[in-house]
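Since the structure comes first, as structure tokens, the remarks are kept for the end.
The values are calculated or read from the model by the stated rules, or taken from the named source; none is laboratory data. Just so we're clear, the structure is a prediction, and the values are computed from it rather than from any experiment. Note that we place each Cβ from the backbone using ideal geometry, even for glycine, and neighbour counts take in every protein chain shown.
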Amino acid sequence: MKEAPLILCAEDEAQLLRDISDELRNAGYRVAEARDGVELLAHLEQMTPDLLLCDIMMPGLDGYGMLARFRRDYPHLAHVPVVLLSAQSMTEAVIRGKRAGADDYLTKPINYDLLLSTIEARLRQSRQARAGIRTLAGLGQHLFDALAVGVVLFDPDGQIRHCNPVARQVLRDHGSAVRAALSDPVRRMGTCAHSGVEDSLSVLFDENRPLMAQIRACPPDPDTGAPAMVIAFLNNPASRAILSADALRDMFDLTPTEARVVHLLASGLRPEEIGRELGVASTTIAFHMRNIFAKTRTHRQAELVALVLSLPLHPDSR
């Protein structure tokens, strides 16, 4: 039998805390009690509540302080709704509470019918949100395993947490070389992810072997509870088709000429050959290449070609 939802309630007035707890238990909820914000946060080390009900005006750590620390230190509980209680001015408290991340607000003296209906509504919204996340997670796992490129998930400290089938094959074939080449870039992106910064870079393992990695820093997501992580896409450009010039233009915000230059490079032409093909001077091609490197965040022609050939898209994608 499924357990009743657990409400973690913080209130410094002992009698009011007992009254609230009794009302919640009579309504069928499980209840854990805390006398202030510090005690509420301590409970979170031992349990995962379904909803937090917290008074604002408490000694020590008040409701606002608790809420700030909760949102900062417990991103994996981002789905847990927070309802604040206070006798303060409704407008002022609601604005401040909303800014701090509260989901709802009730005034004292407590109307218990309103309290129970508010909790019921917030729990229902939380269940619906989590169901949606589970659906997306299931779809994401399916796509993750079906990708034609290798995908490796790292924690910010560089430890591998998951690989898709293609990545496992790459690691079996080139394991030590790949891990050595990824070590420093993954740590750099891990530092970015820890700091809440999205960033990416490309790594070409060997000029003579077209294996390449695109590495992305992924900061934590408070909406889904996803932690900070680093994703490495491992690609073998030799096995990939070339995207159309139109697709390249749209993907990297290139000009039509820049997109043609990239497409011709990926087709195997040298810059001087591209100049003859387009009827322009080599200095013009060099100018386009500088712009292309900046837009694609690559630094060398080999990296650029590997990037274009590694994109896991149909060659006619627009």
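Going by the structure shown, is Leu248 closer than 12 Å to Leu307 by Cα and in a helix (DSSP H, G or I)?
Working: closer than 12 Å to Leu307 by Cα: yes; in a helix (DSSP H, G or I): yes.
So Leu248 passes the test.
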Yes or no: region 179-193 includes at least one residue that is at pLDDT below 85, more than 30 Å from Leu77 (Cα to Cα) and crowded, with 21+ Cβ neighbours inside 10 Å.
no
Picking from Pro156, Pro165, the residue that is crowded, with 17+ Cβ neighbours inside 10 Å and modelled with pLDDT of 80 or more would be Pro156
Identify the single condition in (1) within 17 Å of Ala121 (Cα to Cα); (2) out of contact with any Leu (no Cβ under 7 Å at 6 or more places or on another chain); (3) of a type outside the set (Ser, Thr, Tyr); (4) assigned to a loop (DSSP other than H, G, I, E, B) that Leu24 does not satisfy, given that it satisfies every other one.
(4)
Would you be able to say whether some residue in region 119-140 is modelled with pLDDT of 85 or more, surrounded by 14 or more Cβ atoms within 10 Å (Cβ to Cβ), in contact with a helix residue (DSSP H, G or I) (Cβ under 8 Å, 6 or more places away or on another chain) and on the phi < 0 side of the Ramachandran plot?
yes
Considering (1) modelled with pLDDT of 85 or more; (2) farther than 15 Å from Glu303 by Cα; (3) of a type in the set (A, V, I, L, M), say which one Ile215 fails and leave the rest.
(2)
Which numbered condition in (1) modelled with pLDDT of 85 or more; (2) over 29 Å from Asp173 (Cβ atoms); (3) loosely packed, with under 15 Cβ neighbours inside 10 Å is the only one that Ala259 fails?
(3)
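Among what's in region 78-94 and is within 25 Å of Arg124 (Cβ to Cβ) and at pLDDT below 80, pick the residue that is surrounded by the fewest Cβ atoms within 10 Å (Cβ to Cβ). Working first, answer last.
First, the residues of region 78-94 that are within 25 Å of Arg124 (Cβ to Cβ): 78-86, 90, 93-94.
From what's left, at pLDDT below 80: 78-79, 90, 93-94.
On the way: Ala78: 17, His79: 17, Met90: 12, Ala93: 21, Val94: 17.
The residue in question is Met90.
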Filter region 256-280 down to the residues that are of a type in the set (S, T, N, Q) and touching a His at 6+ places or on another chain (Cβ under 8 Å) and list them by number.
Thr257
May I ask you to list pairs of residues, at least six apart or on different chains, whose Cβ atoms are under 7 Å apart, with the first in region 9-27 being more than 12 Å from Leu53 (Cβ to Cβ) and the second being surrounded by 13 or more Cβ atoms within 10 Å (Cβ to Cβ) and aliphatic (A, V, I, L, M)?
Asp12/Met58; Arg25/Val31; Ala27/Leu116
When you check Gly60 against the structure, is it of a type in the set (Gly, Ala, Ser) and either in a helix (DSSP H, G or I) or crowded, with 16+ Cβ neighbours inside 10 Å (or both), yes or no?
no
